[in-house]
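Worksheet for the structure shown next.
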Amino acid sequence: MSDLITVSDDLTFALANRHFAYVFRVSPEGILEHLHYGGPLGEPLNVQAHHRRTIRHVASTFQGGRHYSLSDTPQEYPGFGTSDYRFPAVHGRNADGNTVFSLHYHSHKIVDDKPALKGLPSSRGGRSQTLIITLQDKLHQLRVRLHYTIWEDHGVIARSVRFKNLSDKEIQLQHAFSTALDLPSGDYEIQHFHGTWAREFNAERIPVPQGRFVADSARGTSSTAHHNYLAVLQKGATEDFGRCYGTTLVYSGNFAISVERGEFEDVRVLAGINPFNFHWRLKPGKSFTTPEALHAFSGAGMRGLSAQWHGFIREHVTPERFRDTPRPTYLNTWEAAYFDVDENKVLDLADTAVDIGVDMLVLDDGWFEGRGDDTSSLGDWRADRERFPSGIPDLAAKVRAKGLKFGIWFEPEMVNPRSQLFTDHPDWILHVPGRVPSLGRNQLTLDLSRPEVQDYLFEQIDAVLSCGDVDYVKWDMNRNMTEVGSAALPASRQRETSHRYMLGLYRLLDRLTEAYPDVLFENCASGGNRFDLGMLSYMPQGWISDMCDPIGRLAIITGASHLYPLDVTAAYIGPSPNHQNGRISSVRTRFLAGVFCAARGVSLSEADIEAHRDEIAAHMAFAKATAPDMIGGRFERISSHGNEIAWQYTTADEQTVYLAYFHILSGPNQPFRRARLVGLDPDAQYRLDDGWDDTLGAPIDGEPESYRGDALMHSGLAMPQVAVGEKSPGVRYMPDGDFSAQLFVLRRQPG
């Protein structure tokens, strides 16, 4: 591996590979000045600076220096109070009572690979190098270490910050971002993703305004309201054109990502823990480490940016044990029984699971002591002896004896007021003195900042998993934080509670995943309320949304795909009429909306399964047969005309190409549509495979049996016509009616 990080004699630093170059230098005053972030450079150490030292009327100059103002200087980790009036990366209160810190270059070192972050999830190293720059405020003895990691094979850079108080007096951190990125003036747009329950990942694109745009969460989760991912795009960027800069966090709690256009048109991106309601007391000799931030760059549009993210997340974030492992198909008990589950019903559903050909039965909510509805028993993780007299380990063994895997649902972070746990330990919840705690889904939030709460939850879950017959855990979390306070912390540290909660959660997940490395954990938080790279570091797949209607899910999957590869997501065929929006749709469309997820299953009543048994069995057979294909492949957003969406998925070996086409509302005299595929071998032949689906039929008159790759990319594949009534020969049609879907499978031919 060649050097990824180079340093000149005059302290210019370059992190560069074939995907990008990132360059900064130390100014004569000791300030880290940013020079370049973008396309790769042949001589990155010789890149020209975007800014010049010049007279800025009415601008303050840095510590009396002539023609040098930090207000127009691109910086690597800016502070406040020494001539830069933009929002800073760090802000705190020093021993003198003011908030002025001035961080100057002290030293640097380069290490092979990538150090882990203590107590926090972070991306893995491998074919990487890390630059550690030490800055210091000599007056107040604050040491700040900036970590930069670059990989040989990815267009991603990781950043984090470690503070240490070297003085004998307390320093109070009021905010401490993980990264700062100063881009030169230019026309940019912001792409961010907002939503709410069952409407996650709505993409919005706006011009970068004068002032600050902030996407954040103060809910205790990374949230559905604003996802902790944001991209700054060259104006007019498309899927395959334009410079694109993406930023996200390996963190699951309160966050903020801001974009600020300054008075001189420069653009600053900050990302890290939300400064709102955050305050960390840094005692003498103590350290504080920020969560990891990730930046990705593409000069080839949003599709190129997504490709950078997808490859990196697979290789360096998702747990290695499951990275290349096909996921089991499954039947979930929720829509079949809801809370009314017992041993006999579960075993009957296991027989149904065998009959429709899935790999695993998942026992959802309702199995533990006293749990008849959502008002009681969370926290009492013991099997209800009336309904499960033999206990969960015995039930798991009986299910596995039928040739199935066994999975189970937990919601460990919550407690109902009607529970033995709350009766015994009312101080174990997040709460503040003198206030009646708010409820969310009849729940209170356990205080995971407390080691005794972490230990209790580990012991309860361990008691179930230790039988050795549990293959899968669905980890749910259905509530945002309120009355955020901890009885275990003094009054002066209450604003540390939210972050300490996350550190406690990560400690618990570390213990569980180390104790049970072969258990497949799935992250769920009312759907996508905590779908992020922090949780993905422990759980290789997530439940992206509670929206199970296929049409409602199309925009969610499209939005999430900008950051996440679909092999970290799960989907199932849910009920119709849909429980979230009442829409009626076919089993076929419900399956195809999630066909490119790695984990695919069924959650239906036995009556619904019986009514569509053969079709469901056929879909599950297809899901099992294609499970290896859905790991490590390339997902592409091909087109969206509002009423029509097309997605492409190409397998990792590039031998099979899947094209999913959705037509939402039917109408008369529809235009002809073509889907232009991407990333194919232009000289190869691709044959349409009609074997999976008898509704597709054999090639129609005039349609070739195989297509050249260049024709599929530049001319495109004709999509089925939408029409009702009489059909014309020689024309391929969509299934009649609204909400129809079709899947094309193209096999690359030998030679």
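What does the convex hull of the Cα atoms of the chain come to per residue, in Å³, rounded to a whole number? Measuring per residue, one finds 168 Å³ for the Cα hull of the chain.
Report the paramagnetic label zone for A652: residues of the range 307-349 whose backbone N is under 15 Å from a point 7 Å from Cα along the Cα-to-Cβ axis. Backbone N within reach: 310-328. Shown here for the range 327-419: GluC sites (Glu not before Pro) in loop regions (DSSP other than H, G, I, E, B) with at most 13 other Cβ atoms within 10 Å, namely E386. For the range 23-37, the residues whose amide N sits under 20 Å from a probe point set 7 Å from the Cα of K138 along the beta carbon direction are 26-33. Sort out for me the Cα centre separation of the range 95-165 from the range 576-647, rounded to whole Å. If you average the Cα positions of each part, the centres end up 44 Å apart. Here the extension length gained between A401 and E514 equals 38.0 nm, from 0.36 nm per residue of separation less the Cα-Cα distance. Taking every alpha-carbon pair under 8 Å whose residues sit at least 6 apart, the chain reaches a relative contact order of 9 percent. Under 17 Å from a point placed 7 Å out from the Cα of R441 along the Cα-to-Cβ direction: which residues of the range 511-533 have their backbone N that close? So the set is 522-532. Projected label points at D168 and V58, each 7 Å from Cα along the beta carbon direction, are separated by 4.7 nanometres. Among the trypsin sites (Lys or Arg not before Pro) within the range 43-86, those in coil by DSSP and having at most 12 neighbouring Cβ atoms inside 10 Å are R52, R66. The distance from the alpha carbon centre of the range 278-298 to that of the range 728-751 is 51 Å, rounded to a whole number.
Electrostatic bookkeeping for W409 treats Lys and Arg as +1 and Asp and Glu as -1; over the other residues with beta carbon under 10 Å from its beta carbon, the sum is -4. Relative contact order of the range 254-343, taken over Cα pairs closer than 8 Å and 6 or more residues apart, is 14 percent. Net charge of the neighbourhood of R634, taken over other residues with C-beta under 12 Å away and scored Lys/Arg +1, Asp/Glu -1, is -2. Under a 5 Å amide H cut-off, with hydrogens placed 1.01 Å from N, S178 pairs with A271, G272, I273 among residues at least 5 apart or on other chains.
Helical runs (DSSP H, four residues minimum) scored at -39500 (n - 2.57) apiece and divided by the length of the chain put the mean residue ellipticity at 222 nm at -5000 deg cm²/dmol. Extending 7 Å from Cα along the Cβ direction at R212 and again at D96 yields two label points whose distance is 2.4 nm.
Using a Förster distance of 30 angstrom, determine the FRET efficiency expected from the C-beta separation of R18 and D683, and round it to 0.05. It comes out at approximately 0.75.
Modelled spin-label separation between H714 and L11, with each label point placed 7 Å from Cα along the Cα-to-Cβ direction: 5.4 nm. Go through K118/K283; K345/K474; K345/K402; K398/K474; K624/K727 and tell me which ones have a Cα-Cα distance over 26 Å in this structure. Exceeds cut-off: K624/K727. Between E204 and R418, the contour length at 0.36 nm per residue exceeds the alpha carbon distance by 72.9 nm. Working note: Karplus 6.51/-1.76/1.60 with θ = phi - 60° gives the range 116-133 the couplings 6, 8, 5, x, 10, x, 7, 5, 7, x, x, 6, 9, 9, 10, 9, 10, 9 Hz, where Gly and Pro are set to x. Stretched out straight at 0.36 nm per residue, the stretch from A487 to T375 would grow longer than its current Cα-Cα span by 37.9 nm. A protection proxy built from the mean count of other Cβ atoms within 10 Å ranks the segments 664-675, 586-597, 189-200, most packed first, as 586-597, 189-200, 664-675. Note: relative contact order over the range 321-632, using C-alpha pairs below 8 Å and six or more positions apart, is 20 percent. Here r is the Cβ-Cβ distance between D324 and V432 and R0 is 41 Å; the resulting FRET efficiency, rounded to 0.05, is 0.30. For D3 and T238, a Förster radius of 41 Å and the Cβ-Cβ distance give a FRET efficiency of 0.75, rounded to the nearest 0.05. Sort out for me the Cα centre separation of the range 177-204 from the range 402-439, rounded to whole Å. Cα centroid of the range 177-204 versus Cα centroid of the range 402-439: 34 Å apart.
Every number in this text was worked out from the coordinates using simple rules, so none of it is lab data. Predicted model only: the values in this text are computed from it and were never measured. Cβ sites come from the backbone with ideal geometry, for glycine too, and all protein chains shown count toward neighbours.
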